[in-house]
Each structure stands twice: as C-alpha cells, then as structure tokens.
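The values are calculated or read from the model by the stated rules, or taken from the named source; none is laboratory data. Just so we're clear, the structure is a prediction, and the values are computed from it rather than from any experiment. Using ideal geometry, Cβ is built from the backbone for each residue, glycine included, and neighbour counts are taken over all protein chains shown. Each accessible area value is taken on the protein alone, full model and side chains, heavy atoms only, with ligands, DNA and RNA left out. Shrake-Rupley method; radii C 1.70, N 1.55, O 1.52, S 1.80 Å.
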Amino acid sequence: TTYERLEILPIVVIKKDKTRELFSREKLLAGLTHACEKRPVETSMLDSLVDRIESDLQNTLKREVSSKEIGEKVMNRLKGLDEVAYVRFASVYKDFKDINAFRAVLESIDNTKNLL
C-alpha cells in the first residue's frame, strides 16, 4: 500500500528589521481578530481569509517572504471584507504617525468606490 501525504514546507517571514521568524497562522489571525473587533465580521470569514493567504504563500513556492508582502495580501483581502477593519489593520501595519496617513487611506477607499 502506498500513502500520499501533503507536505507543507515552513515559510520564513523576513520582518522590517531583517530578523526572521516562522510564519504563524495564529499570529496573523490574532491581528485580524483585533482589527475586526466589534465589527460585523464572523470568525469563519477571518479563518477563510487566513486560509487563502496561507495557501497563496505556499503556492509561490518561496520559502522566505517579507512581512510587507504578507501585509499587502492581508490589506487587499481585508479591504473588501470590512473597511473599518482595513483602516485599523493599515494603521498598525503601516505604522501611521499622524492624521494625514489616515486621511490618505480613507481617500484611497473613496477613490476605489468611485471607480466602481
């Protein structure tokens, strides 16, 4: 008898300060849960979002990925899920320093809506 088994290779995340750590699904889910606090976003939706991001990362076949690349994937998917959660996540991810950074993100959301 032959058994096939799916082997998931670990993904190493290169952080902004150039340190490396293993990709943590739990850490990503915790960040998304925090961004979606008191928002009408179901846990199953967040699980699905993390599944898709993790799958995207595995499918690239790259063993190392920057935290910036992961953050961009999260923001692209979160924007369509909940705009307030998107702004919350962006404020932490992009490390907003002033109100102008918030304004720029809000304007980008408005511009996207106007294109539709």
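Percent of accessible area on the chain owned by carbon and sulfur, 1.4 Å probe? Here it works out to 53 percent.
Give the range of the longest stretch in the chain that excludes all GluC sites (Glu not before Pro) found in loop regions by DSSP and having at most 15 other beta-carbon atoms within 10 Å. For GluC sites (Glu not before Pro) (loop position, at most 15 other Cβ atoms within 10 Å), the longest site-free span of the chain is 43-116.
Exposed loop positions in the chain were taken to be trypsin sites (Lys or Arg not before Pro) whose DSSP state is not H, G, I, E or B and which have at most 15 other beta-carbon atoms within 10 angstrom. Between these positions, the longest stretch is 64-93.
Summarising the label geometry, the points placed 7 Å from Cα in the beta-carbon direction at residue 69 and residue 84 lie 3.4 nm from one another.
Using C-alpha pairs under 8 Å with a sequence gap of at least 6, the mean separation divided by the residue count of the chain gives a relative contact order of 27 percent.
For the pair residue 102 and residue 38 in one chain, pulling the backbone fully straight at 0.36 nm per residue adds 21.1 nm over the alpha carbon distance.
Relative to the longest principal axis of the Cα atoms of the chain, helix 67-81 runs at roughly 60 degrees.
Once the 1.4 Å probe is applied to the protein heavy atoms, segment 1-114 comes out at 69 Å² accessible per residue.
Using a simple spin-label model with pseudo-atoms 7 Å out from Cα toward Cβ, residue 8 and residue 109 lie 3.1 nm apart.
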